[in-house]
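The values are calculated or read from the model by the stated rules, or taken from the named source; none is laboratory data. Since we're looking at a predicted model, the values are computed, not measured. A quick note on method: Cβ atoms are made from the backbone with ideal geometry, for glycine too, and the neighbour counts reach across all protein chains shown. The protein model used for the area step is the full one, side chains on, heavy atoms only, and it has no ligands, DNA or RNA in it. Shrake-Rupley method; radii C 1.70, N 1.55, O 1.52, S 1.80 Å.
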Amino acid sequence: MVLYSPGRTSSYPTDPVDSGIRIHFLGGGDEVGNVGCVLEDKTGTRILIDYGLAPTRPPRYPSECPPIDHAIITHSHIDHIGMAPWLVGHHGTRLHGTTLTAAVSEMMWRDTYKVSSIEGYPLPWDMRDLDAALGAWETHDMGEWFEIGAWRLRFHLAGHIPGAAMIEIETPELRLLWGGDMDTRQNPNVAGAKPVKCDILCIESTYGGREHPNRVEEEARLVARVKEVVSRGGLALIPAFASGRCQDILRILHTAAPHLEVHFDGMGTRVTKHWMNNPEHIRHPEGLEKVWRWARKVRGKSDRKKALDADVIVTTSGMLDGGPAIWYLNRLRHDSANAILLTGYQAEGSGGRSLLENRRLPIFGNITPVDLEVSQFQLSNHAGHSELHSFVRACEPRHVVFFHGDTEAREAISAEFKQSPTPSLPLNGTSLNLK
Ligand SMILES: [Zn+2]
């Protein structure tokens with residue numbers, strides 16, 4: 001674990017910036033997630049964008065952030081917000097985000113704190129820091145300009161999940177667009193990101209070199225699998241991420257197969273309530289309300305037992321690393337009519353990855369064989385290669401910075417741009433200076 005001792009572990013340089021903008025990745029440069037990036041120019045205006053942690057065992061953290069007054073939080077996924085309480089506790093930083101990001105962050109932090117205690121990996125921040133972070137938010141609407149130092153900033157819709165923002169930054173010298181986690185395709189709950197003309201574009205590259213399957217066809221394939229499982233007398237267990245994927249799955253099922261009995265359990269239920277309280281961030285919010293009334297919410301132990309007779313259970317954790325999904329799987333694994341339908345990326349070392357590769361996974365601490373149908377569906381809310389390529393072209397930047405991706409992905413998308421715009425592939429702990 002990285003030990004945070006102020007001023008001693010930061011990779012951030014101490015020399016001033018001459019011109020242009022300095023972009024320094026504390027994390028998330030040459031990796032997916034774990035994001036933290038400092039931007040600074042010669043006016044001395046300095047902001048941090050995101051401060052996450054990678055929920056691996058043990059967790060990984062970005063390098064220590066230098067003193068900073070303002071941080072922009074793009075969205076509420078833990079690999080972008082996980083270390084924000086440390087920031088507020090140590091530097092008194094103000095957090096800027098959308099109302100929905102601020103609302104969802106509290107439960108994400110509390111859940112991370114709880115999981116870290118259970119798993120025995122103490123976090124570098126405590127409950128006092130968390131409480132301070134809750135009072136540190138300054139929220140902004142999409143499209144509303146606000147000022148930090150000599151800069152003007154505004155949020156744009158990023159797609160990805162409701163409330164997720166791209167950031168347009170106007171410095172005295174240039175215009176920068178920070179893409180964050182983004183998608184130009186619309187998904188069931190949020191519309192796609194639109195290009196913004198800029199001089200410098202910093203964009204994720206998670207899916208560089210890879211194309212997504214057609215979204216409509218993939219959704220239809222999921223619905224067909226569910227119907228097949230139900231028709232043979234089985235139950236489809238759909239593990240899904242709390243913030244985004246759960247709600248997408250429910251909307252897909254409600255539209256295509258409203259006759260199904262679908263039960264909804266886990267942290268996603270609480271996230272959905274926040275979404276409904278912030279309808280301006282949701283695509284067709286009335287549709288989400290309908291889905292909420294349609295799905296049966298699991299509120300306690302007896303509801304959980306009843307759910308075992310349902311057609312479908314949608315629940316966390318999306319990678320089968322705990323949560324109600326494991327409780328259900330333990331009950332459902334004895335009947336081969338049942339199926340597990342995985343709907344997201346399954347990280348190395350996760351229960352879901354182990355299930356896919358070895359047909360076994362840890363259930364309450366015991367490695368347990370599971371002899372059920374396991375299918376996987378690609379319903380990503382990140383832009384694929386073609387979407388990234390078109391988005392970069394449409395923004396017409398001079399420079400494009402590809403971050404948030406592994407080496408292969410970043411090289412693949414960067415290979416599309418030889419001269420204009422000039423591509424950069426930043427490494428963690430190093431600075432780019434772009435004009
Ligand atoms: Zn994300």
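Some notes on this structure:
- Residues being closer than 23 Å to R333 by Cα and in contact with a Phe, Trp or Tyr (Cβ under 6 Å, 6 or more places away or on another chain) - total across the stretch 233-273: 1
- Counted residues, the stretch 133-149 - those being open to solvent by less than 40 Å² (accessible area, probe 1.4 Å) and part of a helix (DSSP H, G or I): 1
- The stretch 343-375, residues that are under 30 Å from S414 (Cα atoms), surrounded by 15 or more Cβ atoms within 10 Å (Cβ to Cβ) and not hydroxyl-bearing (S, T, Y): G344, Q346, A347, R353
- Residue that is farthest from A240 (Cα to Cα), among those in the stretch 379-396 that are buried (at least 17 other Cβ atoms within 10 Å of the Cβ) and either away from the ligand (no atom under 16 Å from the Cβ) or aromatic (F, W, Y) (or both): C395
- Close contacts from the stretch 75-95, counting a first residue that is closer than 16 Å to C37 by Cα and open to solvent by 20 Å² or more (accessible area, probe 1.4 Å) and a second that is in a loop (DSSP other than H, G, I, E, B) and within 14 Å of the ligand (Cβ to nearest atom), with Cβ to Cβ under 6 Å and a gap of 6+ residues or different chains, come to I78/P55; D79/G33; D79/N34; D79/G52.
- For the stretch 288-342, the set of residues classified as of a type in the set (F, W, Y), surrounded by fewer than 21 Cβ atoms within 10 Å (Cβ to Cβ) and farther than 22 Å from R57 by Cα consists of W292, W294, listed by residue number.
Yes or no, residue by residue, for (1) of a type in the set (A, V, I, L, M, F, W, C); (2) away from the ligand (no atom under 16 Å from the Cβ):
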position: A71; (1), (2): yes, yes
position: T74; (1), (2): no, no
position: T101; (1), (2): no, no
position: M107; (1), (2): yes, no
position: W125; (1), (2): yes, yes
position: L130; (1), (2): yes, yes
position: M142; (1), (2): yes, yes
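- Among residues of the stretch 183-199 that are part of a loop (DSSP other than H, G, I, E, B) and at pLDDT 95 or above, those with a beta-carbon under 9 Å from a residue that is among the charged types (D, E, K, R) and surrounded by 24 or more Cβ atoms within 10 Å (Cβ to Cβ) at least six positions away or on a different chain give the pairs G192/D183; A193/D183.
- Elements of type strands (runs of 3 or more DSSP E) in the stretch 339-435, at least 3 residues being acidic (D, E): none
- If the condition is being touching a residue at least 60 places away in the same chain (Cβ under 8 Å) and hydrophobic (A, V, I, L, M, F, W, C), then the stretch 343-392 contributes A347, F377, L379, A383, L388, F391, V392.
- Test: residue in the stretch 153-170 that is part of a strand (DSSP E or B), within 16 Å of the ligand (Cβ to nearest atom) and open to solvent by 50 Å² or more (accessible area, probe 1.4 Å): yes
- The numbered conditions (1) within 21 Å of L427 (Cα to Cα); (2) away from the ligand (no atom under 12 Å from the Cβ) are all true for L87 except (1).
- A residue that is closer than 13 Å to R210 by Cα, away from the ligand (no atom under 16 Å from the Cβ) and under 19 Å from the mean Cα position of the chain (by Cα) occurs somewhere in the stretch 410-421.
Per-residue answers, yes or no, for (1) among the hydrophobic types (A, V, I, L, M, F, W, C); (2) closer than 14 Å to H281 by Cα; (3) within 20 Å of the chain's Cα centre (by Cα):
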{"residue": "L95", "(1), (2), (3)": "yes, no, yes"}
{"residue": "A103", "(1), (2), (3)": "yes, yes, yes"}
{"residue": "M107", "(1), (2), (3)": "yes, no, yes"}
{"residue": "T112", "(1), (2), (3)": "no, no, yes"}
{"residue": "E119", "(1), (2), (3)": "no, no, no"}
{"residue": "P122", "(1), (2), (3)": "no, no, no"}
{"residue": "W137", "(1), (2), (3)": "yes, no, yes"}
{"residue": "E147", "(1), (2), (3)": "no, no, no"}
